[in-house]
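The structure appears below as structure tokens.
The values are calculated or read from the model by the stated rules, or taken from the named source; none is laboratory data. The structure displayed is predicted, hence computed values, not measured ones. Counting neighbours? That spans all protein chains shown, and the Cβs are built from the backbone with ideal geometry, glycine included.
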Amino acid sequence: MQSVDLIYKEESYKIIGAAMEVHKELGPGFLEAVYQEALEIEFQKQGIPYEREKLLTIYYKGIKLKKRYSADFVCYDKIIVELKALSELLSKDEAQVLNYLKTTKHKLGLLFNFGSKSLQHKRLVF
């Protein structure tokens, strides 16, 4: 069996570690905005480059639409990071990240759920 190379392995490892640190410190039960603010602090402490609430432009047949998406974070100018604080992740949460990837042409999205007892995370590749 061949080993599969993970896209942006080092960068995603650092992002996941930062999210784990936030969940370890806060645990479940807070609003998504609390985790977003805490994760921003952790990104700063760990030197992870990011843009918070980055507006994403959507095009239809080459025409820029007025409607835009807002990703919780874009890290390293290439990884979409989306946060949730739910009892469980749903397929619509994954679809949201995949839409962000399609819109930006980025290849990797990380979806985190801080609402469960253990941090949940998914790697979504486009």
message: List the residue pairs whose Cβ atoms are under 8 Å apart, where the first residue sits in the stretch 112-126 and is basic (K, R), the second is in a strand (DSSP E or B) and modelled with pLDDT of 95 or more, and the two are 6 or more positions apart or on different chains.
response: K122/L110; K122/L111; R123/L108; R123/G109; R123/L110
message: So, T103, is that one touching a residue at least 24 places away in the same chain (Cβ under 8 Å), of a type in the set (V, I, T) and part of a helix (DSSP H, G or I) or not?
response: yes
query: Taking the stretch 101-126, which residues are over 10 Å from the mean Cα position of the chain (by Cα), within 30 Å of K61 (Cβ to Cβ) and either surrounded by 15 or more Cβ atoms within 10 Å (Cβ to Cβ) or of a type in the set (V, I, T) (or both)?
result: L101, T103, T104, H106, V125, F126
query: Which of the residues belonging to the stretch 1-35 are more than 23 Å from V125 (Cβ to Cβ), out of contact with any helix residue (DSSP H, G or I) (no Cβ under 9 Å at 6 or more places or on another chain) and assigned to a helix (DSSP H, G or I)?
result: K24, E32, A33
- prompt: Only one residue in G17, G47 is on the phi > 0 side of the Ramachandran plot, surrounded by fewer than 17 Cβ atoms within 10 Å (Cβ to Cβ) and either of a type outside the set (K, R) or in contact (Cβ under 8 Å) with a residue 12 or more places away in the chain (or both), so which one is that?
  reply: G47
field: Residues that are of a type in the set (F, W, Y) and either outside any strand (DSSP E or B) or surrounded by 14 or more Cβ atoms within 10 Å (Cβ to Cβ) (or both), drawn from the stretch 50-89
entry: Y50, Y69, F73, Y76
- prompt: K78 versus (1) touching a residue at least 60 places away in the same chain (Cβ under 8 Å); (2) in contact with a Gly (Cβ under 8 Å, 6 or more places away or on another chain); (3) among the basic types (K, R): which is the lone unmet condition?
  reply: (2)
